[in-house]
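Undergrad: Once you've had a glance at the structure underneath, I'll fire off some questions.
Read the figures in this text as sums done on the coordinates, not as results from a lab. What you see is a predicted model, and the numbers here were worked out from it, not measured in a lab. In this analysis, Cβ positions are derived from the backbone assuming ideal geometry, glycine residues included, and neighbour counts consider all displayed protein chains.
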Amino acid sequence: MLEKWSKEIRENSSNPAYHRYTSFDYCYGYFYDHRKDAKWLANKQNIEKSCLHLGFYLASWGMYRGSTTLLWSSFKVYEPLIKGVIANQDRKAWEIDVGNYSKNRENLSKLHELIKGKMKQILNKWPSETLVTKIMLGIFGCTPAFDINVKSGLRKAGVGSHSSFLKNIDAVEEVYEANKAEINKESSRHKILDFAEKSTNIYYTKAKIIDMILFEYGKRSKSAWSKG
């Protein structure tokens, strides 16, 4: 499945660094690099760049299509989120991944609620679960983005999809536990690219790998892949 993803990047772009999928690399790498001092992301010199990274990643990943509220917003819309939520996180928020969900369940849920609540204040309406989890994925790499394809992938994997964030997290854990060796291997193989088009020492999280797999399986009409 990940071979298909890599092939698509090679075939649909003259340079992998230009492919829309690589917008994740630039966004996640930027925020990850400043995890030890997240307040740096929101200071006067850097807030514009922080908003741009998040906004362009979300645009590349489909959050500005159709009649979405974000379509009518500039990238400055993310300033309150970055100043009010992201800048207040310590480095432990970037350590949450599928392999340690059980001990971070409360922290993961709190992070989800903080982002959801802040985006409601910004947009004057409840944000979609897709938007909230794509923000979490792009900044922290801690959860798959629960869009229609990933949820379809969960169902085809035999673990079901849910309206509850934590129930979906439980489903992701099931997928991970049943496919741990493969997912760990892929996580250890995939490093993000930086803007200079060089491979970094930052690896894709296991949650990101699962997001990629479930997204592709979810797009298929049928799947032979399951949790067992």
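Undergrad: Mind checking the alpha-carbon convex hull of the chain and giving the volume per residue in Å³?
TA: 125
Undergrad: Can you tell me the dipole magnitude for region 2-219 around its Cα centre, using point charges on the Cβ only (Lys, Arg +1; Asp, Glu -1), in Debye to the nearest 20?
TA: 400
Undergrad: Could you pull out the GluC sites (Glu not before Pro) across region 154-200 that fall in loop regions by DSSP (anything but H, G, I, E, B) with no more than 14 other Cβ atoms inside 10 Å?
TA: Taking region 154-200 and a limit of 14 other Cβ atoms within 10 Å, the loop GluC sites (Glu not before Pro) found are 197.
Undergrad: As a test of the formula, what do you get for the chain when each DSSP H run with n ≥ 4 contributes -39,500 (n - 2.57) and the sum is divided by the residue count, at 222 nm and rounded to the nearest 500 deg cm²/dmol?
TA: -17000 deg cm²/dmol, from helical runs alone.
Undergrad: Counting only other residues whose beta carbon sits under 12 Å from that of residue 201, what net charge do I get with K and R as +1, D and E as -1?
TA: The answer is 0.
Undergrad: Set the Förster radius R0 to 30 Å, insert the Cβ-Cβ distance between residue 20 and residue 188 as r into 1/(1 + (r/R0)^6), and round the FRET efficiency to 0.05.
TA: Once rounded, the FRET efficiency stands at 0.75.
Undergrad: Looking at 131, 200, 57, which one has the Cα that reaches farthest to the positive end of the dipole of the chain (charges on Cβ: Lys, Arg +1; Asp, Glu -1)?
TA: Sorting the options by dipole projection puts first 131.
Undergrad: If neighbour count is taken as other Cβ atoms inside 10 Å, put 22, 143, 200 in order from fewest to most.
TA: Fewest-to-most ranking of 22, 143, 200: 200, 22, 143.
Undergrad: Quick one: Cα centre-to-centre distance for region 148-214 and region 33-59, in angstrom?
TA: One Cα centre to the other: 24 Å.
Undergrad: Here is a further query. With a Cα-only, solvent-free Debye model of region 24-81, what are the log10 I(q)/I(0) values at q = 0.14, 0.15 Å⁻¹?
TA: -0.39, -0.44
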